[in-house]
1. What do you reckon, is SER153 within 14 Å of the ligand (Cβ to nearest atom), polar (S, T, N, Q) and modelled with pLDDT under 95?
2. Please work out which residue is surrounded by the most Cβ atoms within 10 Å (Cβ to Cβ), limiting yourself to segment 156-177 and to residues that are away from the ligand (no atom under 16 Å from the Cβ) and part of a helix (DSSP H, G or I).
3. Among the residues of segment 320-341, are any in a helix (DSSP H, G or I) and among the basic types (Lys, Arg)?
4. So, restricting to helices (runs of 4 or more DSSP H) that lie completely within segment 178-262, which ones have at least 1 residues that are touching a residue at least 60 places away in the same chain (Cβ under 8 Å), among the hydroxyl-bearing types (Ser, Thr, Tyr) and within 15 Å of the ligand (Cβ to nearest atom)?
5. I'd like the full set of residues that are outside any helix (DSSP H, G or I) and not polar (S, T, N, Q), limited to segment 71-113.
6. Working carefully through the options VAL120, VAL137, find the one that is away from the ligand (no atom under 16 Å from the Cβ) and either hydrophobic (A, V, I, L, M, F, W, C) or touching a Phe, Trp or Tyr at 6+ places or on another chain (Cβ under 6 Å) (or both).
7. What is the one condition in (1) farther than 23 Å from SER191 by Cα; (2) free of Cβ contacts under 8 Å to residues at least 60 places away in the same chain; (3) in a loop (DSSP other than H, G, I, E, B) that GLY117 does not satisfy?
Amino acid sequence: MNLTTVPVPTTTAIAVATAAVASTPAAVPSIAGASSLTLEQNTRALLDHACAQVLGGQAAAAFRLLTPPLSALWSEARASGQAEAMRRWCQAHPLHALVMQDPFTHRAAAKPRGYAGDAVMMDYIYDGAPPAGTSAVGAEVFGATTRAGMGLSVRYRRQLLRSLIDDAVVRHERPRMLSVAAGHCRELQGSLVECPGFAGEFVALDQDPLSCQEIAQAHAGHPVRVVNQGVRELAGGQQGGALADALGRFDLIYSAGLYDYLPDVLARRLTRRLLAMLRPGGRALIANFVPGGSGRGYMELFMDWALVLRSEAQMRTLAHAAGAAHVNIFADPPRNVVYAELWPEAPEVL
Ligand SMILES: C[S@@+](CC[C@H](N)C(=O)[O-])C[C@H]1O[C@@H](n2cnc3c(N)ncnc32)[C@H](O)[C@@H]1O
């Protein structure tokens, strides 16, 4: 999925664009009458074409060509009150059964832990290997869905977090770091926290007991403390204050893959709490997927995976509303994720 901003073309423009890239003209049969195509006809033509390409062993090309126009059609459907109808067209189309062979798409839709985007799905992206038993078609689609724009951004996010951890380890004498909604905390792998000389503490907090177990097992020999708690508990009133006190103060606090699920009020309250948990000179980092992405259509229509998307401006507003004195906003290279780096007071040295 590529969440970079794309202009939203009309259905006519989409049909014409699809015709231009179609390798087999028969795969997009309705192009001749493009100007009179309905949203439904355009959607079906697009899905037919993607289906033919996947069946022809070209899953990567299929997804490259499918995702931007599907997102544009999805925007049009939502704007014109046809969202439910478009969901039905997609679910009834043969492409749907085909992509459900992809473990990544299937797990998002099935939600075995109650929500899409759990830590196992993140591992699919990090590892890039489909689980044993995946069909040949499923493996091809898996390659396309986990190695597209969103996958690249998730992989970049892990590298960035590992660099931040290393930076905190060398900057502070006994560094304390907190990952909020840690998942499997794969960014710890290969970080300086795993080095024998590390004299600080890393705290990983997550609501999911299975993810907590995985972190505890993977880092049994390291100073990594696992806290099985939800962020609502941490953000809320007196109880949140008590939990924050029990966790202590930190040089680095970050949260990746969480804010995309939080409504504004909770996001603000949690950010305020995290800022209060920093040691002097400490910083926090929060990440969020941005709106206008070309992968949104596939995610919402086939994976049943909807995120709370925030722009750079919205992240800045959130950071200031939570009381940050100094904010640095930046985007990842594929421009899918925005990062807000926050300080409770203006830092002397960045
Ligand atoms: C997309 S994963 C991200 C995991 C990890 N940070 C990463 O970047 O790979 C989201 C994680 O957030 C956790 N999570 C979701 N809602 C939460 C909440 N309310 N409190 C604590 N953890 C939460 C989930 O259990 C899951 O492990």
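The values are calculated or read from the model by the stated rules, or taken from the named source; none is laboratory data. A quick note: this is a predicted structure, and the numbers were derived from the prediction, not measured. A quick note on method: Cβ atoms are made from the backbone with ideal geometry, for glycine too, and the neighbour counts reach across all protein chains shown.
1. It is true that SER153 is within 14 Å of the ligand (Cβ to nearest atom), polar (S, T, N, Q) and modelled with pLDDT under 95.
2. The residue in question is ALA168.
3. Residues of segment 320-341 in a helix (DSSP H, G or I): 320-321.
When the remaining residues are screened for being among the basic types (Lys, Arg), the result is none.
No, segment 320-341 contains no residue that is in a helix (DSSP H, G or I) and among the basic types (Lys, Arg).
4. By residue number, 209-218.
5. In the first step, residues of segment 71-113 are kept if they are outside any helix (DSSP H, G or I); the result is 80-82, 93, 100-102, 111-113.
Selection gives GLY81, HIS93, MET100, ASP102, LYS111, PRO112, ARG113.
6. After ruling out the rest, the residue left standing is VAL137.
7. (2)
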